Every structure is written in structure tokens, then in C-alpha cells.
There are 2 protein chains.
Amino acid sequence: MRLLIVEDEPNLGQQLKNALEGAGYAVDLATDGEEGLYLGSNEQYDAIILDLGLPEIDGLTVLDRWRKEGKSTPVLVLTARDSWSDKVAGLDAGADDYVAKPFQTEELIARLRALIRRSSGNASAELTAGDIRLDTRSGKVTKAGEPVKLTAQEYKLLSYLLHHKGKVVSRTELIDHIYDQDFDRDSNTIEVFVTRIRKKLGAEIITTIRGLGYSLDEPS
Amino acid sequence: MRLLIVEDEPNLGQQLKNALEGAGYAVDLATDGEEGLYLGSNEQYDAIILDLGLPEIDGLTVLDRWRKEGKSTPVLVLTARDSWSDKVAGLDAGADDYVAKPFQTEELIARLRALIRRSSGNASAELTAGDIRLDTRSGKVTKAGEPVKLTAQEYKLLSYLLHHKGKVVSRTELIDHIYDQDFDRDSNTIEVFVTRIRKKLGAEIITTIRGLGYSLDEPS
DNA sequence: CGCAACCTGACACCCGCCTGTCATGCCCGT
DNA sequence: ACGGGCATGACAGGCGGGTGTCAGGTTGCG
């Protein structure tokens, strides 16, 4: 899962980035509205964290533009506490959730998870396929009840596939969502990690669609 | 906790050693009866695993000699399955427990734990002092209910002190029981690890007895 | 007061795991 | 059967945590 943070206060921004990377996300950080607008329009994010108090371009304007461009990426807005007007304006502009500053990183991460879950159409914090279960809360995976140890990247890849169960996911899409901006596109890491996941969870779990990508389906 | 394995079949011996080191013991391995006899007589072990089917000197003879020397180290004997005569003879010679070959490593470790626990006069698998609990089964430690992360060596040291709660334990004794044979005696690691444990569990837990060693007491 | 015992922060090494790269081999579709 | 796409084993660099060493400071005893 890949995120964008748009936050002009560098300390807070970096701190957030660290926390979210620690939670297993790939994170890009934009330090002003313009950069944020550009990245949000041109890159693929699974969610965006947007601070409203930006210099240059106002956060609301940024959000508004994205929506007008047809971007439906879920957006979580950071507002000053009790700033009711922001909240209302944000709602109108198409924000999906709010967190008031100052906030607990814990809470923000929980809401993010919920946001991404909702946007991928899943109701539960558990993603499953066959006898495989992935708990997005604890970050743990089991197969037939037995815990399976996955590394960070393996987890991200599996998690993305589960969030898009049944759909075909291209290698580029996976790279876009698992890594942040600067990553060598012509690398075969995705293939390597697919192999590693198959080795741990069984080869049948991920099917290859030649020329298109991979797909994780409910076994028949 | 330091163990001696006396086992002539090299594969099995090494395998056992690995398993037991994995379980957090310091392990010496003797591959014949003579070496076993010598080590068992001259080193400090918390328990000995003795295979009866030894070349040169018979296992029973070894055990018998130790007992005659007044060694009370608990001994766990490995016997061929259903070899009832071995069992009886072993009992007479002063063995403390039996495991029939082939055995589950799991079971052997469980019996070892029980053996060591009994020999140190503790009834339970939990060692405690004040609000600190150490579960020898799971290898986990808590302080006031909160889990505390200890490294392998920290755990061994704490565990040894808890097994001898209230007694003064010298630095050499600690080295003897925590490390295996070849270890630099004039090193200050013990001091270092005492410091580290104090930092994690509170300075009051281990008291220094100047010139003699350390002692872990029930707080008053 | 002076010495020895002990404490403790900093450091460097080592080791295991993770991760991306590469070379090679396989397999499928044409 | 051939070519491109994919699979996979092996490998090296990096990173982080654990461990032992050391130096300098502190403490307590005679």
C-alpha cells in the first residue's frame, strides 16, 4: 500500500512518514501544496493524508482539483482541533475522514486502515482466500490456522493482492503500490517475491496471467 | 543453565546440542565415556544427558562413578525403547529420569526443564521475584504484568539467579553456568549483563555483594 | 585517603535475515 | 521449434540487533 502525505511542517511530515513506513506502507512526502497536487494527480496512491493548513495553495483547493480530475483516491484530512468550518468544507470537497491535530499516531493509522479497507470494498479487517487469512490489524498471516512468517515486502505484496482479490494485477501496478517513487521499474523483484510467497503459502495461491500480471482468486 | 551431553553417535549428539542451544542452554558435548566422565566430574553442570550405549566405558559405570564422587547433578538417561533392564539398573545407579530412544526433542527438553526445576527445589515452571515473573516454558519475562524483552544472555543470567533466589552467586559460578567450556574467564561480561538487566527490570532487583557476587532476593 | 571492586556508556564486531540482482532454465503460445 | 515471458536458485550488500571489550567514572571498604 502506497501513501502520499501532504504536510508543510517538515518535522511532522517526516515523523509521520517514519511512523507509516514502520507500519508497512510505502510513503511519499510532499512538503507543499503544489508538489502534493502534482504527485496526487500523477501517481497511484492507495490513500492520501492531507494537511489543510498549507502555504501557497490551500489544502482544500488541492483536494477539490483532484476530485474534479476524477481521482477517487481516499483522502484523510488533518484539521486543527475543533475547526468545524474546515470539517464542513472538507466534506464538501470530498474528504473521506478527519483527524484533528494534535493526534495520536495510533489513531491515524487505524483510520487509514479503515479507509483503505472501505475503499477496496472489504468490510472486515481480515482478508482471506481459501485457508489463508491475513489480519491487517496485527499484520499476521495464517494458512489453515498455522501462523506463517512473511517478511515486510512479502506481506505488502500479498496484502495488495488480497485487497484486489479476483482481479488481475499488473507487475507495474504492484511496483507502483508497494514501492515509493524512485524505484527501478525494470527489475524482477515482483517475480521473485511472488515465488517466495508461493513457496510459503503454496504455489496455487497466485496464478500467473501471461503478459498481464498476477491474480489471487478464491480457490474453486 | 549449562548441560553436558554424553553421546557416542556424533550425528545425534551434535543434533541434540544444536536443539538444546536453541532452547537457551550452554552445552558441552562428550563423544565417549571417558571424556564424559572427566567433564562431568570436573565441570559444573545443571544437568547431564547420558546415553547408556557407550563404547569403552559403559554409561552406567560413568553414572555410578559420579555418584560415588558425591556429584548430585541431575542425570537424564537415554535408553533403548523398552529396555527395561537398563531402566532398573539406571535407577539403581542414580539416574533421575529416562527418555527412550527414539525420542521427540520436544519431550526431552520438557523433561530436562522439569529435572532442573526439581533439582533447584522449585515446584512451578514460573520463577518469580517481586513483580517479576519468568516463565521457563515460554521463555518470557514480565514485570508487573508487562512483557519485557530480554536477549538470550540476559535471560540465561536472570534465569540462573532466579533458580538460586536468595543465594549469593559468584561471577565465576555465573560464567560456569551460562557459558560453555572455552570462555575467557577474566572478562567483565557478567557485570555488563547485570547492568543491562537492571536497566530493563529495575536496579533494585539484583543486589551486589562486594567481593562475593550477586544475589537476587524477594524484595522486602 | 587510596585502592580495588564494580558500574556503565560507547564502540566494534559478528551474525542472521531481508532484499534486490543476476544467470539460468523452463514453459507457453505461436 | 523458437522467442519472449516467467520461475527460481544462488549470491552479495545492507541493516539491525546482540554481544563482548574497553576506558573512564563511581562506590565502598580497610
Inset, instruction - Tell me, please, whether a residue that is surrounded by fewer than 19 Cβ atoms within 10 Å (Cβ to Cβ), more than 14 Å from chain B (Cβ to nearest Cβ) and over 23 Å from A:A47 (Cα atoms) can be found in the range A:163-175. - result: no
Legend entry - Boolean, A:Y179 is within 17 Å of the chain's Cα centre (by Cα) and within 16 Å of DNA strand D (Cβ to nearest atom): yes
Inset, instruction - Considering only residues that are in a helix (DSSP H, G or I), surrounded by fewer than 20 Cβ atoms within 10 Å (Cβ to Cβ) and of a type outside the set (D, E, K, R), look in the range A:61-102 and name the one that is modelled with the highest pLDDT. - result: A:T61
Inset, instruction - Kindly indicate the residue of the range A:188-220 that is more than 10 Å from DNA strand D (Cβ to nearest atom) and under 22 Å from A:D46 (Cα atoms) and also surrounded by the most Cβ atoms within 10 Å (Cβ to Cβ) among those meeting that condition. - result: A:L216
Legend entry - Meets criteria (of a type outside the set (A, V, I, L, M, F, W, C), in contact (Cβ under 8 Å) with a residue 40 or more places away in the chain, at negative phi and not in a strand (DSSP E or B)) for A:R185: no
Inset, instruction - Go through the residues of the range B:173-195 one by one and say whether even a single one is more than 30 Å from B:K17 (Cα to Cα), outside the structural domain of B:G24 (by TED's automatic domain parsing), within 7 Å of DNA strand C (Cβ to nearest atom) and touching a strand residue (DSSP E or B) at 6+ places or on another chain (Cβ under 9 Å). - result: no
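Rundown of residues vs (1) among the small types (G, A, S); (2) assigned to a loop (DSSP other than H, G, I, E, B), yes/no style:
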{"site": "A:R137", "(1), (2)": "no, yes"}
{"site": "A:V141", "(1), (2)": "no, no"}
{"site": "A:P147", "(1), (2)": "no, no"}
{"site": "A:K156", "(1), (2)": "no, no"}
{"site": "A:S159", "(1), (2)": "yes, no"}
{"site": "A:L162", "(1), (2)": "no, no"}
{"site": "A:K165", "(1), (2)": "no, yes"}
{"site": "A:T172", "(1), (2)": "no, no"}
{"site": "A:I175", "(1), (2)": "no, no"}
Legend entry - Breaking point among (1) within 16 Å of DNA strand C (Cβ to nearest atom); (2) surrounded by fewer than 18 Cβ atoms within 10 Å (Cβ to Cβ), for A:T105: (1)
Legend entry - Positions within the range B:10-26 being modelled with pLDDT of 85 or more and loosely packed, with under 15 Cβ neighbours inside 10 Å, in sequence order: B:Q14, B:Q15, B:N18, B:E21, B:G22
Inset, instruction - Would you please list the contacts, defined by Cβ atoms under 9 Å and residues six or more apart or on different chains, that run from a residue in the range A:200-220 that is assigned by TED's automatic domain parsing to the domain that holds A:Y160 and within 11 Å of DNA strand C (Cβ to nearest atom) to a residue that is acidic (D, E) and modelled with pLDDT of 90 or more? - result: A:K200/A:E154
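The values are calculated or read from the model by the stated rules, or taken from the named source; none is laboratory data. Given the structure is predicted, the values throughout are model-derived calculations rather than measurements. When we count neighbours, we look across all protein chains shown, and the Cβ atoms used for this are built from the backbone with ideal geometry, even at glycine.
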